[in-house]
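**Q** Before I ask anything, here is the structure I am working with.
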Amino acid sequence: MNMRRKPWGVSAIIFLLSFGLSGCGLSSPQPALAHAGSQNPAVTRNGAYGTAHRSANDVASMTGGQVLVPGALAPDVLLTAEPSGKRVWLSAYLGKKPVVLNAWASWCPPCREETPHFVSMYRTYGSKVQFLGVNLTSLDSVPAAEAFVRRYQIPYPVLFDTQGDFYRAYSVIAEPMTYVISKTGKVVSIHVGALSASELRAVVGQALASR
């Protein structure tokens, strides 16, 4: 599968940051908008946690001036499958079913809050949608991430981003972030912050309807 990012400039990053995004990663002193919809309805923000520790310049630097946006092909990155430690390409999980991919860190309260919803949705829709977790291990640790997986009894595959390659390629600006990827490998939508049960149900519906 040929997977390349659609290049965007620093202005696109600042555009995303301007929506009062919040999660463990960052928040804005400006009033948060419930939806980024007027300009890009495929990018939403959720949750109300955390303090800023990444500025627009930080994000621009880490992404090389590019940011992943809906409509782009999902980047292929090399990750680690735990507990085996085997290195696997993300593309191994794409192309068979639509994907709901959740990027998280073990120390992040919104991540803890939303994980039971993902487990529940997997049990209902796992035969139709590929649920996938990515631990942002370059910001976390393998033992803490493994303990998180055991604590919440996560039944779907979880990959570990030990080198930060996913973090950079997927323009992670807060924890958690959720990505809907179509069966053809296209990024359908990006959701910043914790998803409630009803919001996740809508995200799964979007994945099922994607082409």
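Rule-based calculations on the coordinates, nothing more; no lab input. Computed from a prediction, not measured in an experiment: that's the story for all the values here. Because the Cβ atoms are built from the backbone with ideal geometry, glycine has one as well, and the counts that use them run over all protein chains shown.
**Q** Determine, from the Cβ-Cβ distance of residue 78 and residue 147 and an R0 of 25 Å, the FRET efficiency 1/(1 + (r/R0)^6), rounded to the nearest 0.05.
**A** Efficiency at R0 = 25 Å is approximately 0.55.
**Q** Less than 13 Å Cβ to Cβ from residue 97, Lys/Arg counted +1 and Asp/Glu -1: what total charge do the surrounding residues give? Intermediate results must be reported in sequence, preceding the final value.
**A** On the way: positive: 96, 128, 183, 211; negative: none.
So the surrounding residues net to +4.
**Q** Taking the mean number of other Cβ atoms within 10 Å as a proxy for protection, how do you rank 118-127, 184-193, 136-145 from highest to lowest?
**A** The densest-packed peptide leads the list: 184-193, 136-145, 118-127.
**Q** Hey, with R₀ at 25 Å, roughly what FRET efficiency would residue 107 and residue 211 work out to, going by the Cβ-Cβ distance, to 0.05? The partial results should precede the final answer.
**A** Working: r = 37 Å, r/R0 = 1.47.
Efficiency, from the Cβ-Cβ distance: 0.10.
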